[in-house]
Amino acid sequence: MAMTTRAWLLDAAMVSSTPAAAWLTQPHAINLYADLPSAAAAVAPWLVPATSDELATTLPLPVRFGVSLLMTELDLAALADHLRGLRYLRTTDGQVFYLRFADMRVLQACERAWPASRLARVKGLVQSWTYVNRSGAWQSFAPAVRGVAQPLGPVSLQAFEALIEAGAADRMALALDKLREPDLMPTQHADQFSRVEQALSFMKSRAAEGNGSATWEIQRAVARQCVLSDGRVLQDADFVALLAHEPHVEQIDAWPHAQQPASDPALRS
């Protein structure tokens with residue numbers, strides 16, 4: 001019977017200021033960017049032999065997305081070789097990007113955007129690739145997909161754009177965090193993140209109905225109000241009417257129906 005390798009995959013940039021950073025100094029830890037220029041070290045993915053499941057379950061949001069648990073019949077060195085093959089995402093027109101595969105938010109976007117055939121190449125011969133989700137439960141990456149030992153290969157521009165679109169809510173949540181409002185931390189609270197997703201879905205539906213595509217700044221303002229009102233602002237006919245008249249960001253930010261923070265019990269049904 002084949003031996004099973006259990007290993008943690010860690011994103012150095014995400015865990016650097018947490019207790020998980022100590023795992024990067026373990027004797028058998030493998031820096032998957034070790035052969036790249038030193039400037040890449042700060043965001044390097046690391047592979048560390050796993051001795052327990054406690055590492056991921058004790059981390060807060062969003063740090064926990066920088067930790068995942070892999071199980072495979074490959075030995076640690078072969079697993080590291082497979083993961084090194086995921087470092088770059090190449091497009092068919094010759095562009096090259098880093099693929100932050102140790103950040104599970106990126107793999108979630110891959111799962112939403114790509115077909116099973118491409119996800120199979122990401123998984124390789126990893127039988128189980130799990131992480132702790134926003135709700136604190138263990139979740140599997142592409143559980144219905146059986147991996148194959150084939151290189152990822154270049155992707156079309158359409159597939160690349162689909163990946164960017166699939167990660168829009170994570171980018172928006174980060175943008176809202178950067179506003180540094182005390183009641184606005186969607187990267188750290190699952191309920192607030194769901195409101196960000198709701199707002200972006202709402203704006204996408206409006207665009208599909210012929211209402212025009214809103215700028216990123218307008219979408220951010222709507223997402224902010226959606227989080228602060230616990231979603232109620234999107235049910236406000238006057239607010240929806242305001243959006244139809246191409247408002248400025250300042251008009252959306254000043255909307256009075258969402259000034260109470262979502263943490264206020266009065267806003268909870």
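The values are calculated or read from the model by the stated rules, or taken from the named source; none is laboratory data. Every value quoted in this text rests on a predicted model; they were computed, and no experiment measured them. Note: ideal-geometry Cβ built from the backbone for every residue, glycine included; neighbour counts use all protein chains shown. With ligands, DNA and RNA removed, areas are computed over all heavy atoms of the protein, side chains included. Shrake-Rupley method; radii C 1.70, N 1.55, O 1.52, S 1.80 Å.
I'd like the residue in the stretch 211-225 that is under 24 Å from the mean Cα position of the chain (by Cα) and outside any helix (DSSP H, G or I) and, out of all such residues, is surrounded by the most Cβ atoms within 10 Å (Cβ to Cβ). Steps first, please.
Within the stretch 211-225, the first condition is being under 24 Å from the mean Cα position of the chain (by Cα), and the residues that meet it are 213-225.
Restricting the remaining residues to those that are outside any helix (DSSP H, G or I) gives 213-215.
Values: 213: 11, 214: 18, 215: 11.
Taking the candidates together, the pick is 214.
To keep it simple, each residue is scored yes or no on (1) of a type in the set (Val, Ile, Thr); (2) open to solvent by less than 30 Å² (accessible area, probe 1.4 Å); (3) part of a helix (DSSP H, G or I).
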| residue | (1), (2), (3) |
| --- | --- |
| 170 | no, yes, yes |
| 175 | no, yes, yes |
| 179 | no, no, no |
| 186 | no, yes, no |
| 191 | no, no, yes |
| 194 | no, no, yes |
| 197 | no, no, yes |
| 201 | no, no, yes |
| 209 | no, no, yes |
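Regarding residue 21, is this residue farther than 18 Å from residue 105 by Cα, assigned to a helix (DSSP H, G or I) and open to solvent by less than 50 Å² (accessible area, probe 1.4 Å)? Talk me through it step by step, then tell me what you get.
Numbers: farther than 18 Å from residue 105 by Cα: yes; assigned to a helix (DSSP H, G or I): yes; open to solvent by less than 50 Å² (accessible area, probe 1.4 Å): yes.
Criteria met by residue 21.
Here is a check on your reading of the model: is residue 187 among the hydroxyl-bearing types (Ser, Thr, Tyr) and touching a strand residue (DSSP E or B) at 6+ places or on another chain (Cβ under 6 Å)? Spell out the reasoning first.
Working: among the hydroxyl-bearing types (Ser, Thr, Tyr): yes; touching a strand residue (DSSP E or B) at 6+ places or on another chain (Cβ under 6 Å): no.
Considered against the rule, which asks whether it is among the hydroxyl-bearing types (Ser, Thr, Tyr) and touching a strand residue (DSSP E or B) at 6+ places or on another chain (Cβ under 6 Å), residue 187 comes out as no.
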- Restricting the stretch 46-62 to residues that are under 24 Å from residue 193 (Cα atoms) and β-branched (Val, Ile, Thr), which is modelled with the highest pLDDT? 58
- Query: Can you find a residue in the stretch 25-45 that is aromatic (Phe, Trp, Tyr), open to solvent by less than 20 Å² (accessible area, probe 1.4 Å) and at pLDDT 90 or above?
  - Reply: yes
- Query: Tally time: how many residues in the stretch 102-139 are modelled with pLDDT of 95 or more and exposed (fewer than 14 other Cβ atoms within 10 Å of the Cβ)?
  - Reply: 4
- Within the stretch 46-59, track down each residue that is open to solvent by 50 Å² or more (accessible area, probe 1.4 Å) and more than 23 Å from the chain's Cα centre (by Cα). 51
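Inspect all residues belonging to the stretch 2-13 and state whether any of them is free of Cβ contacts under 8 Å to residues at least 24 places away in the same chain and open to solvent by 30 Å² or more (accessible area, probe 1.4 Å).
Step one: list which residues in the stretch 2-13 are free of Cβ contacts under 8 Å to residues at least 24 places away in the same chain, which gives none.
Within the stretch 2-13 (the criterion being free of Cβ contacts under 8 Å to residues at least 24 places away in the same chain and open to solvent by 30 Å² or more (accessible area, probe 1.4 Å)), the answer is no, since none of the residues qualifies.
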- Note on the structure: When the stretch 226-255 is checked residue by residue, the ones that are assigned to a helix (DSSP H, G or I), over 20 Å from residue 177 (Cα atoms) and open to solvent by less than 40 Å² (accessible area, probe 1.4 Å) are 234, 239, 242, 243
- Task: Could you list, in sequence order, all residues of the stretch 143-160 that are open to solvent by less than 30 Å² (accessible area, probe 1.4 Å) and within 11 Å of residue 126 (Cα to Cα)?
- Result: 145, 147
- Kindly indicate whether any position in the stretch 79-101 is in contact with a strand residue (DSSP E or B) (Cβ under 8 Å, 6 or more places away or on another chain), farther than 26 Å from residue 145 by Cα and open to solvent by less than 30 Å² (accessible area, probe 1.4 Å). no
